[in-house]
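Chemist: Pasting a structure here, questions to come.
We did not get these values from a lab; they are worked out from the coordinates using the rules stated. Small disclaimer: the values here were computed from a predicted structure and weren't measured. Note: ideal-geometry Cβ built from the backbone for every residue, glycine included; neighbour counts use all protein chains shown.
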Amino acid sequence: MGNGEPTEPAERSHETGEQFTFNDVSVVMGTYNEEEAIGKVLTDIDEVTDGKAEVVCVDGSSDRTPEIARDHGATVIEQEPQGYGVAVRAAILEPDRPIVVTTDCDDTYPMEQLPEFLALINDGHDVVSGDRLYHGADAMPGFNRFGNQVFAAAASILMGTRVHDTTTGMRAYRRDVVESIEWTENTGLSAELLIRPLMRGYDVREHPIEYRERAGQTKLDPLQGGLEIARSIVKVSLEERLRELPHRPAQ
Ligand SMILES: Nc1nc2c(ncn2[C@@H]2O[C@H](COP(=O)(O)OP(=O)(O)OP(=O)(O)O)[C@@H](O)[C@H]2O)c(=O)[nH]1
Ligand SMILES: [Mg+2]
């Protein structure tokens, strides 16, 4: 693995043993007509991080979402709505703090668990991925839960590593992980953000999280979105497998 890169990611990750605080954390999200949820999500982040974490919203809304975000002190980047991955890719690449945390802006993810994510990064993990299925994810619609179990099984087989939740929206990443990889997927970006780092030897840790019922309307069509995610899982896993193969010198 590595294709001649100077250092393997796994070696770099534990190099400094640096301890981060919430002053080093940016919480980022795509926001698309989430006025019912955004006030609660940003208040939760503010409370749990003692106002220290920076918040970045890439927003495509036509409702009051961006105003509410600015009132809470978030940085808002306006962008035409082009899908989940287009927004979240812009959001993760915007801040320059060393730790980036993604979430959805729908109050499904437990911001009160942010300190656990930070502690795991400080333990030396490069990516900490919230596993919603560990506790059963009762608040998730049954069709989505079944789909997510199938995605996890398929990704595990394709990667040769067991994973449990490939499409979670809540993860923490060391900045160098998100900057060192080229991201190509849209609806499937969440799966890509798990698969590519794992297959490149980064230290990826799944961590059980609670999952709440969504506030406001979903932005994802389960069937169409599910097909796009399945396609991304196969495409990204195969691309990473090909990347791992040794290059034979030209004859
Ligand atoms: N800026 C922007 N944000 C988006 C777009 N599509 C989705 N989002 C945001 O991305 C996040 C994920 O979308 P969700 O609708 O929660 O998708 P999901 O989590 O798969 O579905 P739920 O089960 O309903 O939560 C939310 O915060 C959305 O507001 C988009 O086109 N542009
Ligand atoms: Mg959501």
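Chemist: Nearest 10 degrees, 0 to 90: what angle lies between the long axis of helix 142-159 and the longest principal axis of the chain (Cα atoms)?
Modeler: Once rounded, one gets 20 degrees.
Chemist: Shape of segment 151-203 from its Cα gyration tensor (a ≥ b ≥ c, root eigenvalues): rounded if a/c is under 1.5, otherwise prolate when a/b > b/c, or oblate? If you can, show how the numbers build up before the last one.
Modeler: Details: a/c = 1.66, a/b = 1.35, b/c = 1.23.
Prolate.
Chemist: Taking amide H positions as placed in the peptide plane 1.01 Å from N, state which residues far from VAL28 in sequence (5 or more) or on other chains have amide H under 5 Å from it.
Modeler: Result for VAL28 returns VAL56, VAL101, THR102, THR103.
Chemist: Taking the Cβ of GLU213 as the centre, find all other residues whose Cβ is under 10 Å away and add up their charges (Lys, Arg: +1; Asp, Glu: -1). Could the numbers behind the result be given before it?
Modeler: Numbers: positive: ARG212, ARG214; negative: ASP106, ASP107, ASP138.
Counting the neighbours of GLU213, the net charge comes to -1.
Chemist: If packing is taken as the mean number of other Cβ atoms within 10 Å per residue, what is the order of 135-144, 112-121, 186-195, 17-26, highest first? List each step's numbers first, then the result.
Modeler: Numbers: 135-144: 13.5, 112-121: 18.1, 186-195: 25.3, 17-26: 15.7.
Highest-to-lowest ranking by the protection proxy: 186-195, 112-121, 17-26, 135-144.
Chemist: Tell me which residues come under 5 Å, amide H to amide H, from ASP131 once H is placed; ignore anything under 5 positions away on its chain.
Modeler: HIS207, ILE209
Chemist: Post the alpha-carbon centroid distance, segment 77-113 to segment 167-245, in whole angstrom.
Modeler: If you average the Cα positions of each part, the centres end up 13 Å apart.
Chemist: Using packing as a proxy for protection, rank 171-184, 55-68 so that the peptide with the highest average count of other Cβ atoms within 10 Å comes first. Can you show the working numbers first?
Modeler: On the way: 171-184: 18.1, 55-68: 20.2.
Going from most to least packed, we get 55-68, 171-184.
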